[in-house]
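Nothing in this text is a laboratory measurement; each read-out follows from the coordinates by a stated rule. All values derive from a computational prediction rather than experimental measurement. Note: ideal-geometry Cβ built from the backbone for every residue, glycine included; neighbour counts use all protein chains shown.
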Amino acid sequence: MGEVRLDAKTPANSSHIQLSFLLDTGARRTILMPKDWKRLLRQEEFNKLEDEGPVQGATGLSGLTKKLTVTLWFQDDDKGLLVGVVMEVVLMPYTDAIKDNPSLLGRDFMSLCHVVYDIPNYELTLDSTAFTLTSSYKTIVV
């Protein structure tokens with residue numbers, strides 16, 4: 001697993017907020033933990049969201065989750081592009097056990113781009129080439 005920093009925004013919140021994710025190849029879905037979604041939403045907004053049901057696709061987590069559509073932005077330095085992908089993410093409910101856990105960038109996001117981990121240099125790179133190959137997610141290139 002590696003750490004990835006992406007900017008995130010919701011349809012209701014137009015400002016970009018930088019979030020740190022662990023790149024988790026074992027997680028099927030991208031999951032925002034409470035410390036991160038609380039930066040995007042107020043508690044009353046969270047309570048109004050549609051229930052997703054019990055967490056699935058991430059071993060070791062439990063609880064009833066919510067879902068939220070967000071835009072995750074990253075800089076593709078090789079191409080000089082700012083790339084955003086609009087996708088539905090899972091929001092974990094607040095518990096003391098996970099309150100400080102990092103959010104997880106799952107395979108749903110990783111399947112959209114090339115992920116390169118340069119072990120000797122400790123660098124993780126996201127390449128936007130694959131974003132143009134899928135129509136299941138809306139992509140924005142700036």
(message) If R₀ is 25 angstrom, what is the calculated FRET efficiency for the pair residue 121 and residue 18, using the beta carbon separation as r and rounding to 0.05?
(response) 0.65
(message) Please report the spacing between the Cα centers of segment 32-49 and segment 89-115 in Å, no decimals.
(response) 14
(message) 5 Å is the cut-off here: which amide hydrogens, built 1.01 Å from N in the peptide plane, fall below it relative to residue 94, excluding neighbours closer than 5 in sequence?
(response) none
(message) Through the Karplus equation 6.51 cos²θ - 1.76 cosθ + 1.60, θ set to phi - 60°, convert the phi angles of segment 104-110 into ³J(HN,Hα) values in whole Hz; use x for Gly and Pro.
(response) 10, 8, x, 5, 4, 7, 5
